[in-house]
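To start, the structure itself, in structure tokens.
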Amino acid sequence: MTSQFARVLAPITIKGVTIPNRVVRTAHGTNIGQGRISDDLIAYHLARARSGVGLSIIEAASVHWTDTGTLRLHDESCIEDAARLMDAVRPTGMRVFAQLGHLGHEGVPMRAGERPWSASEVPSLTNGSPSHAMTIAEIDEVIGCFAQAARWMVEGGVDGIEVHAAHGYLLQGFLSATTNRRNDRYGGSFEGRLRLSVEVLAAVRAAVGPDVVVGVRTGAEADDAGMLAEDCADVVAALSDTGLVDYVNVTYGSCRAAHKIIGAMHERVGYELPTSEVVTKATALPTIVTGRFRTLAEADEVIRTGIADLVGMTRAHIADPDLVAKTRAGRAHEVRPCIACNQGCVGGLSLGRMACAVNADVGFERVHDGAYERVTTPRQVLVVGAGPAGLEAARVAALRGHRVVLCEADTTLGGNLRWSRRFPHRDAIGEIVDWLAAELDRLGVEVRCTTPVDDVLVASMAPDVLIVATGAERARPAGAWSSIEIAALEAPPPGVADAVIVDRFGSYEVLGVAERLVYWGIDVTVVTPLPMLAMRALRELVVAPALERLAAGPGRFRARTGVDPGETVPAADLVVVIEPQHRPHGLTVSDGVEVHVVGDAHEPGHLWGAIRSGNAAGRAV
């Protein structure tokens, strides 16, 4: 064991269950199995287990029909599903706990016309629908469902059960005086509001027996209206005294502050620790913390400080399932970085199924199995354009054994990400370019910068495959600036007091431009025909924190949505137009040459789509 990682790679035993190391993948919704533990979901977890992850807490699971959930433990079929998962991962040594929960007033009932169940009649913050205040009989019903789901999962072979009492969902909704307005035995005093959590844990313990690990997840709600870290510490201390809990998993944020649950790249590594430490100090039980940790070195340091015993590295393992194995082998530099863009994980889930912006294999591990095997007959591949799509296409093609040449007209690699990373709080988005460039060097790809590609060059190279990744045009009227020109500035343009941003695309780009200008003391107005500001970025949980920063900047910021500026650009000292457009590559290709058009050259969009299309092209050649 490398001494640098001695703490995080050391085993730990929780109630007779020995976990081989302190690396944890906390429960996260994927919807890969569309409610079931499917073959694809098993393959997703197995890929991480093979690398050496110590503990995985599988998908946050719904126990009752009033909460649809991305994993549903509503009938006995989950026993067989869990058994198949455990048969697959058990040989790797990774331990598996199952998290049980209920979204409360944020839930979506499976029966049409029903309202979500909650402690009191409070509206959902995500869809505005009013919730139903649960009756005593309904509370008993849900408690029984928690117990039944726990029994089923243990029968399926999982190593432990975790009860979700965080993020403002059902159990924390009962715990919080803000959302619990009851005047019966489940409300009022601290003991009354704690009662449901205690009864759920007691029912789970009775269902699984005294020897199965049972834990609880809790954490501050990240706003003054909800439960504070000190409130959660009181809950943990009380639950520890009951003897029903064997470990505590501490998180942060709530449905009122979702951007704190899964902090994007603007959050520093370990951003949750100040509140988590308040909670972990309230118990002698083993504890888990999270907070955008990406390396074993970072996790080891957390354990060294004594803040926690285990560390969650969930998104880090979405980005690279081989993180532990690579690091142990002295190849930490080869770990694909999680850039905390939230485009694929949170963003993909909101579209129906989790993915990853930097790892196109997520959710397709079974389908892509064997797709990276080396070919028996290498081909000559020419990739035109070194944005993320071109870089990924070149990487995958080279990984498969093809002879790859990458040509880029500019002096450096990265395409638009070279400029996106210069916006405030966005540097991490360029780390995937750094990693891809290093991988191309490792794989022996020939990279030619300052090399525009035309018909003459294509003809002279005579490739078997041409992959076009030339990006999209940045359309703008005369006199207007592009976002790239703003990003390239080292200082504010002279004589500019106010600026108008015309945004017809709706990505984070508009916020990046606005924030840079507002930081320079320039008053900014965004005009967009779209119904919401940066609506393409809403599911990434980055808009709300950006607006908070803009409101605090020296320049004034305002936005006018649903307004089509037409052909007339509003008057201002500076006008910036954001409107990427498809750009035909214009290359003449000889018969017999296989052509793939990827990234923004195919369709302007997110980093997620660019990487995915580049990956698909690399696998196809």
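The values are calculated or read from the model by the stated rules, or taken from the named source; none is laboratory data. Since the model is a prediction, treat every value here as computed from it, not as a measurement. With ideal geometry, Cβ positions are generated from the backbone for all residues, glycine too; neighbour counts draw on all protein chains shown. These accessible areas exclude ligands, DNA and RNA; they are computed on the full protein's heavy atoms, side chains included. Shrake-Rupley method; radii C 1.70, N 1.55, O 1.52, S 1.80 Å.
Below are the figures for this structure:
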quantity	calculated
Test: residue in the range 57-68 that is over 24 Å from L285 (Cβ atoms), touching a residue at least 12 places away in the same chain (Cβ under 8 Å), surrounded by 18 or more Cβ atoms within 10 Å (Cβ to Cβ) and among the aromatic types (F, W, Y)	no
Counted residues, the range 115-138 - those being open to solvent by less than 50 Å² (accessible area, probe 1.4 Å), farther than 13 Å from G173 by Cα and over 28 Å from the mean Cα position of the chain (by Cα)	1
Given (1) in contact with a helix residue (DSSP H, G or I) (Cβ under 7 Å, 6 or more places away or on another chain); (2) over 19 Å from V212 (Cβ atoms), number of the condition R111 does not satisfy	(1)
Answer from A355, A360, A438, A428 - the residue that is more than 26 Å from L587 (Cα to Cα) and either among the β-branched types (V, I, T) or surrounded by fewer than 18 Cβ atoms within 10 Å (Cβ to Cβ) (or both)	A438
Of all residues in the range 175-192 being touching a helix residue (DSSP H, G or I) at 6+ places or on another chain (Cβ under 8 Å) and without any contact (Cβ under 8 Å) to a residue 24 or more places away in the chain, the one that is surrounded by the most Cβ atoms within 10 Å (Cβ to Cβ)	A177
Hits in the range 150-174 (condition: within 21 Å of L194 (Cα to Cα) and either out of contact with any helix residue (DSSP H, G or I) (no Cβ under 9 Å at 6 or more places or on another chain) or assigned to a helix (DSSP H, G or I) (or both))	A150, E162, L170, L171, Q172, G173, F174
Residues that are part of a strand (DSSP E or B) and either among the β-branched types (V, I, T) or under 25 Å from V245 (Cα atoms) (or both), drawn from the range 93-123	R95, V96, F97, A98, Q99, L100, G101, S118
Residues that are under 18 Å from V598 (Cβ atoms) and either assigned to a loop (DSSP other than H, G, I, E, B) or free of Cβ contacts under 8 Å to residues at least 12 places away in the same chain (or both), drawn from the range 418-445	V445
Qualifying positions in the range 302-331 - more than 18 Å from T26 (Cβ to Cβ) and either within 23 Å of the chain's Cα centre (by Cα) or surrounded by 24 or more Cβ atoms within 10 Å (Cβ to Cβ) (or both)	D322, A325, K326, T327
Positions within the range 550-587 being under 17 Å from A499 (Cα atoms), open to solvent by less than 50 Å² (accessible area, probe 1.4 Å) and free of Cβ contacts under 8 Å to residues at least 12 places away in the same chain, in sequence order	none
Qualifying position, being at pLDDT below 95, over 24 Å from A27 (Cβ atoms) and either surrounded by fewer than 24 Cβ atoms within 10 Å (Cβ to Cβ) or more than 16 Å from the chain's Cα centre (by Cα) (or both), among A389, A371, A394, A398	A371
Identity of the residue in the range 498-530, farther than 22 Å from P477 by Cα and open to solvent by 10 Å² or more (accessible area, probe 1.4 Å), that ends up farthest from the chain's Cα centre (by Cα)	G521
Within the range 414-431, tally of residues that are touching an Asp or Glu at 6+ places or on another chain (Cβ under 9 Å), under 24 Å from A620 (Cβ atoms) and hydrophobic (A, V, I, L, M, F, W, C)	0
Failed item in (1) outside any strand (DSSP E or B); (2) buried (at least 22 other Cβ atoms within 10 Å of the Cβ), with L406 passing the rest	(1)
Pairs where the first residue, in the range 82-102, is closer than 18 Å to A207 by Cβ and the second is assigned to a strand (DSSP E or B) and open to solvent by 30 Å² or more (accessible area, probe 1.4 Å), C-beta under 9 Å, 6+ apart	Q99/A60; L100/A60; G101/A60
G415 free of Cβ contacts under 8 Å to residues at least 40 places away in the same chain and small (G, A, S)	no
Qualifying residue in the range 493-502 (condition: within 28 Å of E267 (Cβ to Cβ) and touching a residue at least 60 places away in the same chain (Cβ under 8 Å))	yes
Any hit, the range 460-480, residues being touching a Cys at 6+ places or on another chain (Cβ under 9 Å) and crowded, with 20+ Cβ neighbours inside 10 Å	no
All helices (runs of 4 or more DSSP H) inside the range 217-323 with 2 or more residues being under 30 Å from Y44 (Cα atoms)	258-261, 273-280, 296-305, 314-319
Scan of the range 588-621 for residues that are of a type in the set (A, V, I, L, M, F, W, C) and open to solvent by 30 Å² or more (accessible area, probe 1.4 Å), ordered by number	V589, V593, V595, V597, W608, A616, A620
Qualifying residue in the range 365-378 (condition: closer than 21 Å to V513 by Cα, among the basic types (K, R) and part of a loop (DSSP other than H, G, I, E, B))	no
In the range 1-15, residue most open to solvent (accessible area, probe 1.4 Å) [restricted to those that are at pLDDT 95 or above and of a type outside the set (A, V, I, L, M, F, W, C)]	R7
Selected residue (only one of T30, T18 is assigned to a strand (DSSP E or B) and either farther than 18 Å from V154 by Cβ or open to solvent by 40 Å² or more (accessible area, probe 1.4 Å) (or both))	T18
Filter result for the condition that a residue is more than 14 Å from I501 (Cα to Cα), at pLDDT 95 or above and buried (at least 20 other Cβ atoms within 10 Å of the Cβ), over L541, L547, L533	L541
Checklist (1) touching a residue at least 60 places away in the same chain (Cβ under 8 Å); (2) over 18 Å from the mean Cα position of the chain (by Cα); (3) within 23 Å of H102 (Cβ to Cβ); (4) open to solvent by 10 Å² or more (accessible area, probe 1.4 Å) applied to R50, failing item	(3)
The lone exception for T412 - which of (1) part of a helix (DSSP H, G or I); (2) surrounded by fewer than 19 Cβ atoms within 10 Å (Cβ to Cβ) it fails	(1)
